Amino acid sequence: MGWVADSLDSIRSTQIRHVLTQIVSLGMIVTSALIVWKGLTCVTGSESPVVVVLSGSMEPGFKRGDILFLQMNKDPIRVGEIVVFNVDGRDIPIVHRVIKVHERHNTGEIQILTKGDNNGEDDRVLYAHGQLWLEQHHIMGRAVGFLPYVGWVTIIMTEKPIFKYLVIGALGLLIITSKE
């Protein structure tokens, strides 16, 4: 019976090593993604270098599910540029076009008014209560490129959480089976 106990111990230690290997691999994947994200924030100057268009307010230029690449630099923001901005009290950034810019020459401060291309009115109804203009600190970045439809994965996983768990489970299964 000694060989049975030895075999069971061998199987257990192999399974433990296999599970630990999977955990380390997953940790490396997550860490690599975070490193890439932080690198992009440094290179682009934007706190969020990639965003997904979540509504149809910018159609026909950008459609729901498009991924936008953002950059932020010292150049002044001009009318016609597409910017992504945060509004106080809202968690989700908004992608819209700049339609007016007021620049104070004595202080260098700017005030910005935006509008979705597919919207009838400007964005003042989206701004914080009593706010008529965006300021520089509201701007996360300027759109410099896009990938059509790739962001649908994010939208589906956000709107239908069951898909998120299915994807996570499938990725876990893929990692486990790829090591065997």
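The values are calculated or read from the model by the stated rules, or taken from the named source; none is laboratory data. Because the structure is a prediction, the values reported are computed rather than measured. A quick note on method: Cβ atoms are made from the backbone with ideal geometry, for glycine too, and the neighbour counts reach across all protein chains shown. The protein model used for the area step is the full one, side chains on, heavy atoms only, and it has no ligands, DNA or RNA in it. Shrake-Rupley method; radii C 1.70, N 1.55, O 1.52, S 1.80 Å.
Within region 67-84, restricting attention to residues that are open to solvent by 40 Å² or more (accessible area, probe 1.4 Å) and over 25 Å from residue 149 (Cβ atoms), the residue that is nearest to the chain's Cα centre (by Cα) is 73. Quick one: is residue 92 open to solvent by 50 Å² or more (accessible area, probe 1.4 Å) and free of Cβ contacts under 8 Å to residues at least 12 places away in the same chain? Spelling it out, it is not the case that residue 92 is open to solvent by 50 Å² or more (accessible area, probe 1.4 Å) and free of Cβ contacts under 8 Å to residues at least 12 places away in the same chain. Here residue 41 clears all of (1) in contact (Cβ under 8 Å) with a residue 12 or more places away in the chain; (2) β-branched (Val, Ile, Thr); (3) open to solvent by less than 30 Å² (accessible area, probe 1.4 Å) except the condition numbered (1). As a summary of the residue check, residue 29 satisfies the conditions (1) open to solvent by 90 Å² or more (accessible area, probe 1.4 Å); (2) under 16 Å from the mean Cα position of the chain (by Cα); (3) farther than 25 Å from residue 136 by Cα except for the one numbered (2). Of 101, 24, 87, all but one fail to be more than 22 Å from residue 149 (Cα to Cα) and open to solvent by 70 Å² or more (accessible area, probe 1.4 Å); the exception is 24. Filtering region 47-66 for residues that are at pLDDT below 90, within 27 Å of residue 169 (Cβ to Cβ), surrounded by fewer than 17 Cβ atoms within 10 Å (Cβ to Cβ) and out of contact with any strand residue (DSSP E or B) (no Cβ under 7 Å at 6 or more places or on another chain) leaves an empty set. Only one of the numbered conditions (1) under 30 Å from residue 22 (Cα atoms); (2) without any contact (Cβ under 8 Å) to a residue 24 or more places away in the chain is not met by residue 137, and that is (1).
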